[in-house]
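Before any comments, here is the structure.
Read-outs throughout are calculated quantities, based only on the coordinates presented, and are distinct from any laboratory measurement. Note that this is a predicted model, so its numbers are computed, not measured. Methodologically, a virtual Cβ is constructed for each residue, glycine included, from the backbone with ideal geometry; neighbour enumeration extends over all protein chains shown.
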Amino acid sequence: MTNRKAIVTGSASGIGAATVLALAEQGYATVGIDCNLPGAEATALKAQAIGGKHHALNCDVANEPQLVAVMAQANVLLGGLDALATCAGVTESSGFMDLSATEFQSVYGINVIGTFVAIREAARYMQAGGRICTIASVAGLRGGGLVGTAAYAASKGAVLALSKNAARSLAAQGISVNCIAPGATNTPMIAAVWQNEALRKQVESMAPQNRTAEPHEIAANIVYLLSPQASYVTGATLVADGGLTMY
């Protein structure tokens, strides 16, 4: 996989940062995109220490014109594009009756619109063999009920459907699109919630492995779905949740 080139949104922390580092270990050049530019730059520096060329760009993925421009810039920096991982996302845990339409739209704008625009723009630059991996959640499969509630669960359910549609739409170009649906993962997104020890133990106990995933474990699955080894896999959702949703 040496000389392959990838864009990772949400690269400043969590699964996105772990994905950049995992790709660097496989010989990829990367561009990380995040609204937290210092965080994205820190990830790029860590990747450079592993080896290869790695860049960071600032972008709010919910801002379509900005994301269109940044994806074009990333393609120029890389000199082509083989892979995209759409790791940028936010959670929201307001109760159903407390959730406003404005909050719902904000979550949807980042998690769904940001994913759609990134896929669409990446497809402009990819050749046959290009690979895309989106990031959903078990919340999208279960309808929430753990940490993220209505807005988050609905947005991640939309990502699941969007990924399948993109797989159909881009197949003629030779581009594969798959999705990963992680369970609870030890990222900054859930750090505050996980301070509630009782809630953490309750959620962890629902899965046979009885633990929270680490970002590098999810990143390893993303790297597989972005690799040529997954050449006959498209429109699939890989659930990485320690067994939680098999019940």
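Rounding to the nearest 20 debye, state how big the charge dipole of the chain is about its Cα centre with +1 on each Lys and Arg Cβ and -1 on each Asp and Glu Cβ.
Details: 14 positive and 15 negative charges, 124 e Å.
Computed charge dipole of the chain: roughly 600 debye.
Using the Karplus relation 6.51 cos²θ - 1.76 cosθ + 1.60 with θ = phi - 60°, the per-residue 3J(HN,Hα) values for region 30-42 come to 9, 10, x, 10, 7, 6, 9, 5, x, x, 5, 5, 5 Hz, with x marking Gly and Pro. The packing ranking of peptides 81-93, 165-177, 25-37, highest mean first, is 81-93, 25-37, 165-177, where packing means the average number of other beta carbon atoms within 10 angstrom of each residue. From the Kirkwood radius over Cα pairs of the chain, Stokes-Einstein at 25 °C and 0.890 mPa s returns a whole-number translational diffusion coefficient of 138 µm²/s. Taking only the alpha carbons of region 1-121, we obtain Rg and Dmax values of 14.8, 50 Å in that order.
In this structure the amide hydrogen of Val239, modeled in the peptide plane, comes within under 5 Å of the amide hydrogens of Ala181, none closer than 5 places in sequence on its chain. Kindly provide the pair-distance distribution of region 104-206 built from C-alpha pairs, with 10 Å bins from 0 and whole-percent values in order of increasing distance. Calculated over all Cα pairs of region 104-206, the distribution is 15, 41, 28, 13, 3 percent. Comparing mean-square fluctuations of Leu160, Leu23, Leu78 from a GNM of the chain with C-alpha springs under 10 Å, the top value falls on Leu78. Computed from Cα atoms, the angle from the helix 150-170 axis to the main principal axis of the chain rounds to 30 degrees. Relative to the longest principal Cα axis of the chain, at what angle does helix 14-25 sit, 0 to 90 degrees, rounded to 10? Helix 14-25 and the main axis of the chain meet at about 30 degrees.
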